[in-house]
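Undergrad: First the structure, which I've put down as structure tokens, then a few questions once you've had a look.
A short reminder: the numbers here are calculations on the coordinates, not readings from a lab. Computed from a predicted structure; not experimentally measured. Please note: Cβ atoms are built from the backbone with ideal geometry, for glycine as well, and neighbour counts cover all protein chains shown.
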Amino acid sequence: MPIARLSDLADQAQCPLLVVKVGSSLLVGNGGVRREWLAGLVAEIAEARARGQRLIVVSSGAIALGAATLGLDRGGRGSLADAQAAAAVGQIALSGLWAELLGSHGLTAAQMLLTLEDLEDRRRYLNVTATLTRLLDAGAVPVINENDSVATNEIRFGDNDRLAARVAQAAQASAVLLLSDIDGLYDRDPRQPGATMIPVVEGVTPEVHAMASAESNSGMGSGGMVSKLQAAEIAELAGICLVIGNGHHDRPVARIVGENIGTLFLPRRKTGARKAWLGGRLRLKGSLTVDAGAAAALSRGSSLLAKGITGVDGEFLRGDPVEIREAGGRIVAHGLSEYDAAECAAIRGLHSSEQAEVLGYAPRSAVVHRDQLVLK
């Protein structure tokens, strides 16, 4: 049965594999590790393992720890070079800490450092899946972080919320728990009078996005509620639940699960594994603007034909991922283009009977075939 309530996160039958994301402000305080708090969380992880659950940890904190060691201002985020240097120093301390604390409960920690490209490239994504599967089968607890010491602005996730959702997709997890600095999603800025926390969200809609703040309360991390909603969207494509809960408490998982304090995002749909990977991509090579008729046809499960394309943006090649959007800017779908950008521009608006003369060869059946397309 699918997860329906927060208490299901502690049920091995309902949630056999859980991804737990730990934010920087939870791990680091006043320049040092919040060791006692982390020891309590690790004890909860050990209890979940004793119930038969598998766990993956996505851990922030390397940049914050390294910045404190190197004496860098702005928490190591003053520049890309500072962040990379801080991560190189902090990651050693962070991985050692997880290994020590998990080891005290007889659990083996396994470190994986990932960049955006590792999960955007299909072959590398499958390699990540295989490694995670083997580690979990061997009884290890994978501890994952973004490889900030080498990632540039162009190949960064930028926050571990979305990384956690992508890892959950790759591992085919049951749920993602984002431990953060807030109890959950509120209907407005929680600092405003009358703000109300929303316990359950069935699908991330434009109305839900309107409730989000881009700011991280702590000022230490790089995420905010916007990134958490993006993570929920990524998770729901694979039929994975996502929970936002407050980690600033002793034994935070017990509080979220036992006292029912948090926001549970229930997926509206589940796509196939390849389409979930495609729909969760964060970097696209270009975009195709379509007319209302084409947008309606896509919503009914049709492929995208050149006749319905009104605009082409970006530089992309055949097989590259592109965004499909309406004239007003609403994103309709992501898909893999059967043509490069120049060819798309040349045949946009044309019937298939007119395309051969322009292309110099018989046209393909679609610009984006429905098997290579996922609705947003």
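Undergrad: Let me check against my output: what whole-number percent is the relative contact order of the chain, with C-alpha pairs under 8 Å and at least 6 apart? Please list the in-between numbers first.
TA: On the way: 798 pairs, mean separation 53.6, N = 376.
About 14 percent, as a whole number.
Undergrad: What nm distance separates the two modelled labels at Lys376 and Ile331, each placed 7 Å from Cα along Cα→Cβ?
TA: Rounded to a tenth, the inter-label distance reads 0.4 nm.
Undergrad: How far is helix 80-103 tilted off the main Cα axis of the chain, in degrees rounded to 10, range 0 to 90?
TA: Approximately 50 degrees, to the nearest ten.
Undergrad: Based on the Cβ-Cβ distance of Ala345 and Val150, what FRET efficiency does E = 1/(1 + (r/R0)^6) give at R0 = 35 Å, to the nearest 0.05? It would help to have the intermediate numbers written out before the result.
TA: Numbers: r = 36 Å, r/R0 = 1.01.
Efficiency computed from Cβ-Cβ geometry: 0.50.
Undergrad: Between Thr310 and Arg124, what FRET efficiency follows from the Cβ-Cβ distance if R0 is 41 Å, with the result rounded to 0.05?
TA: 0.75
Undergrad: Compute the Cα gyration tensor for the stretch 68-148, then decide on rounded, prolate or oblate, letting a ≥ b ≥ c be the square roots of its eigenvalues: rounded whenever a/c is under 1.5, prolate when a/b is larger than b/c in the other cases, and oblate in all that remain.
TA: On the way: a/c = 4.69, a/b = 1.30, b/c = 3.60.
The shape class here is oblate.
Undergrad: On to the next question. Hey, what D do you get for the stretch 6-277 in µm²/s if you plug the Kirkwood alpha-carbon radius into Stokes-Einstein at 37 °C and 0.692 mPa s? Don't skip to the end; give the middle numbers.
TA: On the way: Rh = 18.5 Å.
Estimated diffusion coefficient is 178 µm²/s.
Undergrad: Right, something else. Under a plain spin-label model, where a point goes 7 Å from the Cα along Cα-to-Cβ, how far apart in nm are His369 and Thr196?
TA: 4.9 nm
Undergrad: Next question, about the same structure. Between the helical axis of 35-50 and the dominant principal axis of the chain, each derived from Cα atoms, what acute angle in degrees is found, rounded to the nearest 10?
TA: 70 degrees
Undergrad: May I pose another question? For the stretch 201-331, what proportion of DSSP beta bridges, expressed in % and rounded to the nearest 5, is antiparallel? Don't skip to the answer; put the middle values down first.
TA: Numbers: 10 of 17 bridges.
Of those bridges, close to 60 percent are antiparallel.
Undergrad: Need the full-extension length gain, Glu357 to His105, defined as separation in residues times 0.36 nm minus the C-alpha distance. One decimal, nm. Display every interim value, and only then the final one.
TA: Details: separation 252, 0.36 × 252 = 90.72 nm, distance 6.93 nm.
That works out to 83.8 nm of additional length.
Undergrad: Hey, can you rank 339-345, 48-54, 134-140 by average C-beta count inside 10 Å, highest first?
TA: Per-residue mean Cβ counts within 10 Å order the peptides as 339-345, 48-54, 134-140.
Undergrad: Another question, then. Indicate the gyration tensor shape class of the stretch 20-133 (rounded, prolate or oblate), computed on the Cα atoms with a ≥ b ≥ c the square roots of the eigenvalues: a/c under 1.5 is rounded; otherwise a/b larger than b/c is prolate and the rest oblate. The partial results should precede the final answer.
TA: Values: a/c = 2.47, a/b = 1.16, b/c = 2.12.
It is oblate, given that a/c is not under 1.5 and a/b is not larger than b/c.
Undergrad: Using only Cα atoms, locate the centre of the stretch 257-327 and the centre of the stretch 226-247, then give the distance between them in Å, rounded to an integer.
TA: Taking the Cα centre of the stretch 226-247 as reference, the centre of the stretch 257-327 is 17 Å away.
Undergrad: Okay, moving on. Can you tell me which of 159-170, 230-241 comes out highest on packing, and rank the rest after it, using the mean Cβ neighbours within 10 Å? Could the numbers behind the result be given before it?
TA: Numbers: 159-170: 27.8, 230-241: 25.0.
So the peptides 159-170, 230-241, ranked by packing, come out 159-170, 230-241.
Undergrad: Once you charge only the Cβ atoms, +1 for Lys and Arg and -1 for Asp and Glu, what is the size of the charge dipole of the chain about its Cα centre, to the nearest 20 debye? Before the final figure, lay out the partial values.
TA: Working: 38 positive and 41 negative charges, 139 e Å.
Using only the charged Cβ atoms, the result is roughly 660 debye.
Undergrad: How large, in Å, is the stretch 284-375 by the Kirkwood hydrodynamic radius built from its alpha-carbon pairs? Could you put the intermediate results ahead of the total?
TA: Numbers: mean 1/r = 0.0794 Å⁻¹.
Value: 12.6 Å, from the Cα pair sum.
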